[in-house]
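Asks: One structure coming up, written as structure tokens, with questions to follow.
All of the numbers you see were taken from the coordinates with simple rules; none came from a lab. Computed from a prediction, not measured in an experiment: that's the story for all the values here. When we count neighbours, we look across all protein chains shown, and the Cβ atoms used for this are built from the backbone with ideal geometry, even at glycine.
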Amino acid sequence: DILDETSCVQAVSQVASHGSIDALIHCAGAGIAGSVEEIPLDQAIWQFDNLLFGTIRMVRAVLPKMRQQGGGRIILVSSVAAAIPIPFQVYYSAAKAAVHALALGLADEIHPLKIKITEIAPGDTRTGFTDARRTAAHHPESPYRERLARSVARMAHDERNGMKPEMIATAIIHELERRHPHILVTPGIGYKILTALSHLLPLRLVRALVRLLYA
């Protein structure tokens with residue numbers, strides 16, 4: 001249970017009792033859709049607890065063992081939404097952006113310890129995430145109601161027609177096998193181009209395109 005620090009520590013200790021911990025692949029998570037205004041604060045906190053603090057709990061649990069054994073690999077799965085925030089999935093995007101910052105900063109902290117970290121930032125992927133996504137309740141007269149419904153429908157369509165999860169798994173395996181792994185990997189040529197363009201194009205244009213698709 002990534003929401004329970006004791007559970008995380010116990011799980012790592014159980015694995016460590018059988019030998020070394022060569023790698024942590026952290027891909028657990030969940031999502032909630034809705035407007036920033038209407039998603040209850042406790043659900044927003046739940047989103048960050050899952051995506052950010054769940055990641056932190058697992059990283060903190062494995063680091064002592066990896067330090068003692070003289071190295072290890074950490075793979076953190078974030079999202080393209082970390083670089084290109086999605087309206088009506090803002091808390092998810094913000095939490096993934098925090099995971100991105102965590103990965104980059106942590107990479108520098110653990111560099112002398114021979115512990116290497118890679119952030120995998122996928123785009124839309126066909127997994128159970130789509131059906132498990134929570135949608136916050138809203139008032140029938142909510143000013144966001146129709147746009148939220150369209151946005152969630154677009155997200156679901158894109159995810160169900162997205163990359164196969166095997167593509168993400170292959171990217172992870174490649175990084176684990178590399179002697180000098182990348183710090184950030186975006187699987188899929190389309191998402192590589194999309195992410196690059198988000199940094200090259202004027203921000204106003206990027207956000208206009210995002211609104212066209214999701215808002």
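Asks: Quote the relative contact order of the chain in percent (integer), defining contacts as alpha-carbon pairs under 8 Å separated by 6+ residues.
Replies: Relative CO of the chain lands at 24 percent.
Asks: Looking at the chain as a GNM with Cα springs under 10 Å, which of PHE48, PHE129, PHE88 has the largest mean-square fluctuation?
Replies: PHE129
Asks: Sticking with this structure for a sec: For helix 5-16, report the angle its Cα long axis makes with the longest principal axis of the Cα atoms of the chain; keep it between 0 and 90° and round to the nearest 10°.
Replies: Here the helix axis deviates by roughly 40 degrees.
Asks: What nm distance separates the two modelled labels at ARG145 and ALA30, each placed 7 Å from Cα along Cα→Cβ?
Replies: Result for the modelled spin labels: 2.7 nm.
Asks: Shifting gears a bit: Could you tell me, in Å, what Rg and Dmax come out for the Cα atoms of the range 77-145?
Replies: Cα only, the range 77-145: 16.1, 56 Å (Rg, Dmax).
Asks: Give a quick list of GluC sites (Glu not before Pro) in the range 1-75 that DSSP marks as loop, anything other than H, G, I, E or B, with at most 11 other Cβ atoms within 10 Å.
Replies: In loop regions of the range 1-75 (DSSP not H, G, I, E or B), the sparsely surrounded GluC sites (Glu not before Pro) are GLU37.
Asks: For the range 132-189, what mean projected area does the convex hull of the alpha carbons give, in nm²?
Replies: Computed as one quarter of the Cα hull surface, the answer is 6.0 nm².
Asks: Report Rg (one decimal) and Dmax (nearest whole number) for the range 89-215, counting Cα atoms only, units Å.
Replies: 17.2, 56
Asks: Can you list the equivalent-ellipsoid semi-axes of the chain, largest first and in whole Å, using the square root of 5 times each Cα gyration tensor eigenvalue?
Replies: They are 32, 20, 14 Å, listed from largest to smallest.
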